[in-house]
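Okay, structure first, notes after.
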Amino acid sequence: MRVAPDVLPAPRPWAGPPLVPRTAPDPPAVSVCIANWNCRDLLRRCLDSLFDQPQGATFEVIVADNASDDGAAEMVADEYPQITLIRNPDNLGFSRANNQAAALARGRFLFFLNNDTELPAGCLGELVRFTAANPGVGMVGPRLLGTDGQPQISYRRKPTLAALLHRVSLLRWTGLFRKAYYRYRRDTFDPDGVRAVEVLMGAAVFLPRPAFEAAGRWDEGYRFGAEDLDLSTQVGRVGPVVYWGAVEVVHHGRASSRANAGYVAGGVAAGYVRYLRRAGASRAALRAYKAAVTLDAPVQLAGKVVQAAARLLTGRRAKADKSWLAAKGLWHFLRRDLTHFWAA
C-alpha cells in the first residue's frame, strides 16, 4: 500500500549532532560453521587454509568450541579476531554446536566443515557457483582427500541393520552380512564426476540455507556419530544430495576422533541406534542389535589389546598406538556408556 505525499507531515530540520551514515556490511555468500573440541593445531591449519588464500566468494567463519581444554578457543580469539567464536561451558556435542553456529550465520549458504580439514584456493567460490547453478539441490559434498593425496570415501549408501551387524566381530566371521556391509561402505564409490547419492560424509557439506532449515537442522539427539547419516536423510527429502568430485578438500581422517577415543566410541554406538530407530527398525531388532554390540565389546577389547601388544613387539609403534586407542575407546564404552547406549 502506498501513502499519498500530501498525507505525510512536512520535514523538520535536524537540530542534533551531525548525522553519520552507518551501513551494515553486506551479508557474506557463505557462512563456514566449525564445531571444535580439543583440536587446536588442526583447527589452526583449517583456518589458515580459509584465510591465507583467495576463496572466490565472500565468507564468514563461526567456530563453536565445546569447552576445549587445549587452548583452542584462546587461539581463535587471539589469532583470528574476525571470527565469531562461541565458547560453550561444556561439550554440547557435534550437532548442537553446529546448530549454534548456524543460528548466528548470515550467509546464503552454510558450509559445515570439520576442524581437521583444509581447503584449496577458490573452493568456496566453486561450491557457490555450482549450487547457485543448480537451485534444486539440497546439499553438496566435495571429494575428500587424505593427507597422502588419495581419495577417501566421500559418500555412501544408507546403512542397514545387516550392514551394521557385520561390524560385530562375533558375527563377522560367519560372512552372513558381508555383502550388505560392502554395499554400504564401498560398493558404489567413484571419486570422479557428479551424482546424486544417499549419504555424504559430514566432514564437509555445503547447503543453501532454506534446505538446511526445511530439513530441520542437525538432530541434537546425536551426541557424536551418525548425525551425517541423519542430516543426509532429512535433506534428501527436500532436494537431491549431490556429490561433486571436481572440488577437493583435504581431510585428515578421524584425527580428532582418535584424539578423543573414549568420548567417541559410546557416541558412535548410540548414534547408529538412533539412526536405525528413525529409519524404521523395530524394537525387537534394536534390542537384538544392542545385545550383539554389548556382548561383542569385551571380545573386541581383548582383541585390540593383543593386537597392540603384537604390533609393539614387532616394531610397528604407530599401528600399535592406533590399536591401543581403539582399546581405550572400548574400555570407556563398557565402563561409562552402556547405560546411554541402551537408552538410545
(request) State all residues of the stretch 65-96 that are hydroxyl-bearing (S, T, Y) and outside any loop (DSSP other than H, G, I, E, B); if no residue qualifies, say none. (result) T84, S95
(message) Looking at G56 and the list (1) surrounded by fewer than 19 Cβ atoms within 10 Å (Cβ to Cβ); (2) farther than 24 Å from Q152 by Cβ; (3) touching a residue at least 12 places away in the same chain (Cβ under 8 Å); (4) not hydrophobic (A, V, I, L, M, F, W, C), which single condition is not satisfied?
(response) (2)
(message) Can you find a residue that is in contact (Cβ under 8 Å) with a residue 60 or more places away in the chain and under 21 Å from A57 (Cβ atoms) anywhere in the stretch 84-91?
(response) no
(request) Report yes if some residue within the stretch 233-249 is at pLDDT 95 or above, closer than 21 Å to F59 by Cβ and of a type in the set (D, E, K, R); otherwise report no. (result) yes
(request) Filter the stretch 141-166 down to the residues that are charged (D, E, K, R) and touching a residue at least 60 places away in the same chain (Cβ under 8 Å), then identify the one that is nearest to Q300 (Cα to Cα). (result) K158
(message) Residues that are touching a strand residue (DSSP E or B) at 6+ places or on another chain (Cβ under 8 Å): list the helices (runs of 4 or more DSSP H) wholly contained in the stretch 159-235 that include at least 1 such residues.
(response) 178-185, 209-214
(request) Among the residues of the stretch 155-199, count how many are at pLDDT 90 or above and in contact with a Pro (Cβ under 7 Å, 6 or more places away or on another chain). (result) 2
(request) Mind telling me which of the residues L92, L104 ends up being at pLDDT below 95 and within 20 Å of L231 (Cα to Cα)? (result) L92
(request) Could you check E126 against (1) part of a loop (DSSP other than H, G, I, E, B); (2) in contact (Cβ under 8 Å) with a residue 60 or more places away in the chain; (3) not β-branched (V, I, T) and say which number it fails? (result) (1)
(request) Restricting attention to the stretch 267-294, report how many residues are in a helix (DSSP H, G or I), under 29 Å from L92 (Cα atoms) and of a type in the set (A, V, I, L, M, F, W, C). (result) 9
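Residue-wise test of (1) within 23 Å of V137 (Cα to Cα); (2) among the β-branched types (V, I, T); (3) out of contact with any strand residue (DSSP E or B) (no Cβ under 8 Å at 6 or more places or on another chain); (4) assigned by TED's automatic domain parsing to the domain that holds G202.
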| residue | (1), (2), (3), (4) |
| --- | --- |
| T84 | no, yes, no, yes |
| N99 | yes, no, yes, yes |
| N114 | yes, no, no, yes |
| E118 | no, no, no, yes |
(request) Kindly establish whether V249 is at negative phi, assigned by TED's automatic domain parsing to the domain that holds G193, of a type outside the set (S, T, N, Q) and surrounded by 15 or more Cβ atoms within 10 Å (Cβ to Cβ). (result) yes
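The values are calculated or read from the model by the stated rules, or taken from the named source; none is laboratory data. What you see is a predicted model; the values in this text were computed from it and never measured. When we count neighbours, we look across all protein chains shown, and the Cβ atoms used for this are built from the backbone with ideal geometry, even at glycine.
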